[in-house]
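What follows is calculated from the coordinates using simple rules that are stated; it is not laboratory data. The structure displayed is predicted, hence computed values, not measured ones. Ideal geometry is used to build each Cβ from the backbone, glycine not excepted, and the neighbour counts take in all protein chains shown.
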Number of protein chains: 2
Amino acid sequence: MRLRNKPWARDAIAQNPDVVIQQPATWKGNWHRCFGRQAPLYIEVGTGKGQFLTGMAKHHPEINFIGIERYESVLVTAMERAKEAELTNLKFLSEDVYDLLDFFADGEVSRLFINFTDPWPKKRHEKRRLTYKDFLAKYEIVLKEKGDIHFKTDNQGLFEYSLHSFSKYGMILHNVSLDLHNSDFEGNIMTEYEEKFAKKGMRIYRCEAQFRTNEESHNL
Amino acid sequence: MRLRNKPWARDAIAQNPDVVIQQPATWKGNWHRCFGRQAPLYIEVGTGKGQFLTGMAKHHPEINFIGIERYESVLVTAMERAKEAELTNLKFLSEDVYDLLDFFADGEVSRLFINFTDPWPKKRHEKRRLTYKDFLAKYEIVLKEKGDIHFKTDNQGLFEYSLHSFSKYGMILHNVSLDLHNSDFEGNIMTEYEEKFAKKGMRIYRCEAQFRTNEESHNL
């Protein structure tokens with residue numbers, strides 16, 4: 001993602017603590033209180049400008065959503081979008097996904113989205129990919145049993161790598177689509193990237209990956 | 001595959017018992033004797049007209065190869081190819097893959113190829129797909145520890161399904177390629193189908209799937 005320097009972003013974010021949650025570690029295990037209601041919690045790691053999660057929050061008012069984005073200059077756009085749409089079921093964290101376990105209790109999250117994340121194509125940068133095993137280990141902790149990851153990308157190499165990484169970790173792949181926009185998948189909410197790439201006729205790859213339960217692991 | 005009726009195929013096959021092995025169950029556990037030497041055994045299920053396995057046998061004289069094909073009218077072409085190339089490291093079975101365990105002992109096979117197999121796209125035909133779990137269970141038995149499956153297809157739906165099936169079974173995916181002919185994969189031997197589809201510019205999908213060892217399963 002091209003990052004524009006926006007020196008005003010930090011201030012703008014600080015002025016909207018009801019949308020971008022400050023000191024999120026204090027809500028760990030109690031996000032339903034932050035939202036003021038009990039509801040399944042879906043999170044997106046690397047939420048960017050928030051088009052996907054804003055769309056999801058509109059279409060699924062029964063779900064609490066949190067988007068995590070470390071770049072303030074990008075997150076500020078997501079924040080403005082959420083404010084404009086007056087969504088009460090969508091919050092953001094101006095944080096690094098690396099620190100995920102600081103913000104969510106074990107099993108607090110029902111679903112996790114990874115959309116069009118940085119592919120880090122060089123082998124020596126493998127550890128930075130959001131589908132690298134160390135990240136999967138964190139996702140597994142915060143997700144409840146049978147919780148899953150929904151993953152989309154236009155990047156063929158990242159998708160190929162992620163299929164390896166998910167399967168190596170013992171995850172089960174569901175609803176794999178190697179050409180999402182020419183599939184019968186319904187209810188797709190597009191990200192900014194996705195709209196751009198789809199217009200160019202590029203393929204979008206998608207899959208769902210589910211952590212194996214203890215019982216399922218035992219039966220292998 | 002379009003099947004032409006070739007009433008003479010059965011006779012032709014019967015006349016070449018050194019290439020198409022009769023009563024293969026009698027060699028179970030002793031295929032190295034049939035080949036007259038100790039060497040790793042690679043098999044292909046649904047070998048068709050044999051272009052792939054003939055090419056492989058030429059390029060890998062250090063390996064013993066067996067192709068299994070239930071349609072005599074197709075297998076007869078594979079047989080003629082192997083004879084013409086005077087390959088001593090390639091045999092065929094005129095058999096159904098369903099009966100695999102009748103022909104190979106536990107751990108006798110080092111690698112198993114599935115190439116451009118019938119996709120059986122209807123859900124109710126799932127059990128016929130050669131990547132269905134019941135087939136995987138048989139492959140796991142005949143393959144040695146760390147043995148793997150090399151799988152290629154042009155059929156997007158079959159590939160998507162197979163990624164699910166492999167991962168659900170607990171297998172680990174390696175070297176996934178979502179566009180084999182535009183990848184850096186080396187040493188690809190093309191099947192008849194593959195040549196045809198590749199000329200039309202269609203994508204070829206490929207992956208390797210490895211059964212989890214007991215230790216690897218235990219560590220999940």
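Structural remarks
- Relative contact order (percent, whole number), segment B:17-218, Cα cutoff 8 Å, 6+ residue spacing: 21
- Ellipticity at 222 nm from helices only: DSSP H runs of n ≥ 4 in chain A, each -39500 (n - 2.57), divided by the residue count, give -9000 deg cm²/dmol.
- Here the chain A residue lying nearest the rotation axis onto B, judged by its C-beta and given with the distance in whole angstrom, is A:167, 2.
- Other-copy label distances relative to residue A:34, 7 angstrom Cα-Cβ extension, nm: 6.3
- Under a 5 Å amide H cut-off, with hydrogens placed 1.01 Å from N, residue A:20 pairs with A:92 among residues at least 5 apart or on other chains.
- Flagged links, alpha-carbon separation over 28 Å, of B:58/B:199; A:122/A:152; A:58/B:133; A:49/A:127: A:58/B:133
- Other residues whose C-beta falls under 11 angstrom from the C-beta of residue A:171 contribute a net charge of 0, scoring Lys and Arg +1 and Asp and Glu -1.
- Environment charge at residue A:155 (Cβ cut-off 11 Å; Lys +1, Arg +1, Asp -1, Glu -1): 0
- Exposure proxy ranking, count of Cβ atoms within 10 Å, fewest first, for A:52, A:197: A:197, A:52
- Ranked from shortest, the separations from the 7 Å Cα-to-Cβ label point of residue B:175 to its equivalents in the other copies are 3.2 nm.
- Measuring nothing but alpha carbons in segment B:52-141 and taking Rh as the Kirkwood radius, the Rg to Rh ratio lands at 0.98.
- Rounded Å value of the spacing that divides the Cα centres of segment A:75-122 and segment B:42-88: 53
- Segment B:184-220 versus segment A:169-220: alpha-carbon centroid distance in Å: 20
- When residue A:125 is represented by a point 7 angstrom out along its Cα-to-C-beta vector, the spacings to that point in the other copies are 4.4 nm, nearest first.
- Cα-based Kirkwood hydrodynamic radius, segment A:1-116, one decimal, Å: 14.0
- When peptides B:61-67, A:9-15 are ranked by their average number of other Cβ atoms within 10 Å per residue, the highest-first order is B:61-67, A:9-15.
- Sorted by Cβ density within 10 Å, fewest first, the residues A:56, A:79, A:202: A:202, A:56, A:79
- Rg over Rh [alpha-carbon atoms, Kirkwood Rh] for chain B: 0.95
- Dipole of segment A:65-220 [Lys/Arg +1, Asp/Glu -1 at C-beta], most positive-end residue of A:180, A:125, A:165: A:125
- For segment A:17-218, the dipole from Cβ point charges (+1 on Lys and Arg, -1 on Asp and Glu) about the Cα centre works out to 460 debye, to the nearest 20.
- Taking all pairs of distinct alpha-carbon atoms in the protein assembly as shown, Kirkwood radius in angstrom: 24.2
- For the residues of A:169-177, the average number of beta carbons from a partner chain within 10 Å of their own beta carbon is 5.
- Beta bridges per DSSP with both ends in segment A:17-218, % antiparallel, nearest 5: 35
- Within the protein assembly as shown, antiparallel bridges make up roughly 35 percent of the DSSP beta bridges whose residues both belong there.
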